[in-house]
């Protein structure tokens, strides 16, 4: 599970528009459920942080994370997410299956706006990370370099 959470945390700074309404609806549905963790970080928070030495955090519009280890909710969240991914205009960036862990990465670019979604499942553990904002190639290269040095 530590590896599972570490993967999500490492991908947090990775992307960039406001989240899909369908994904926000999914987050809202599960936000009050005890066995599901929902984190919604708004652009206002990142605007307060401003510009770090390497990345303009104010470029992030929002980050939504949905995570559960409950079989009861994982199946429904997975089913709803798959429907969202298939019905939206996202490009599939990667499908990774490794030792029972499945990772799906999607991206949608509209002008300068980027929305990046990572879906990770390992047994009954499900995590969805959605990051929206405005990034340029230099910002993404900086993030990749930072992750490579971890």
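If you go through region 79-97 and pick out every residue that is closer than 21 Å to residue 29 by Cβ and either surrounded by 11 or more Cβ atoms within 10 Å (Cβ to Cβ) or in contact with a strand residue (DSSP E or B) (Cβ under 8 Å, 6 or more places away or on another chain) (or both), you end up with 8. Of the residues making up region 101-150, those that are surrounded by 21 or more Cβ atoms within 10 Å (Cβ to Cβ) and either modelled with pLDDT under 85 or out of contact with any strand residue (DSSP E or B) (no Cβ under 8 Å at 6 or more places or on another chain) (or both) are 114, 115, 116, 131, 132, 133, 135.
Identification of strands (runs of 3 or more DSSP E) wholly contained in region 70-127 with 1 or more residues that are under 20 Å from residue 33 (Cα atoms) yields 113-122.
Checking the stated criteria, residue 76 turns out not to satisfy the condition of being modelled with pLDDT under 65, surrounded by 13 or more Cβ atoms within 10 Å (Cβ to Cβ) and more than 15 Å from the chain's Cα centre (by Cα). For region 31-59, the candidate set comprises residues that are at pLDDT below 65 and assigned to a strand (DSSP E or B); within that set, the residue that is nearest to residue 71 (Cα to Cα) is 56.
Scoring residue 62 on the criteria (1) modelled with pLDDT of 85 or more; (2) in contact with a strand residue (DSSP E or B) (Cβ under 6 Å, 6 or more places away or on another chain); (3) not in a helix (DSSP H, G or I) leaves a single failure, condition (1).
The values are calculated or read from the model by the stated rules, or taken from the named source; none is laboratory data. This structure is a prediction, so every number in the text was calculated from the model and none was measured. Note: ideal-geometry Cβ built from the backbone for every residue, glycine included; neighbour counts use all protein chains shown.
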